[in-house]
Structure formats: C-alpha cells, structure tokens
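Let me begin by presenting the structure, written as structure tokens, before commenting on it.
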Amino acid sequence: MLRKKIPGITRLSSGRYRARSRRKGYPIDSKVFDSVADAAEWKSASDAKKRHGIYRDTKEAENTTLRDALRAYLAEVVEGNSRATSA
C-alpha cells in the first residue's frame, strides 16, 4: 500500500499505479504499473530525460503497427524511387 504520497504517482481503483511525468515545454507522459517502485523508477527516468533535454516522444512509434510502417515505406520510398527513375 502507498503510505507516503509521491508527487505524480496515484493509486488506481484496480490496485495498480499511474505515474505522470510533467515538465514545461514537454508533453505529459503517463504510464500504468503493477508496483509503486516501478512507477517511481519510470517517472524518475522520464523526468531526468526531460530535464537534460534528451527526451523523445515515443507515442507515435508505440501506436504505429508494422502494417502502417510498411505502407508508409512503400508510399514514400519505393513509389518515390520508381517515379524518380522513370522521369
């Protein structure tokens, strides 16, 4: 049980923990964990990346399927090259 309140970490009704990383100029990140220790570790790492300017937003990559990536590749690279060589 979470006895000490940790800023940015809340206990959900399911018993899991949501960690939120907020910093001005960056998107708010949120992730759910089974343990408060895992949530605190992720939050600390995310905050540090933002603080040091090495943060990368991975939401688009996490939501892109292999099918979507291959379709984009075909449209941009393969079809683009065939047009360039036939012109």
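Every number in this text was worked out from the coordinates using simple rules, so none of it is lab data. Worth saying up front: this structure is predicted, and the values here are computed from it rather than measured.
Structure data summary
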read-out: Kirkwood hydrodynamic radius of the chain, from inverse mean 1/r over distinct Cα pairs, in Å; value: 15.9 Å
read-out: Mean residue ellipticity (222 nm) of the chain, computed from DSSP H runs ≥ 4 via -39,500 (n - 2.57), nearest 500; value: -12000 deg cm²/dmol
read-out: Candidate lysines for bridging to LYS5, where Cα separation is under 27 Å - those fewer than 8 sequence places away on the same chain excluded; value: LYS24, LYS31, LYS43, LYS49, LYS50
read-out: Reachable aspartates and glutamates, given that their alpha-carbon falls under 20 Å from the alpha-carbon of LYS59 and they are not under 8 places away in the same chain; value: ASP29, ASP38, GLU41, ASP47, ASP68
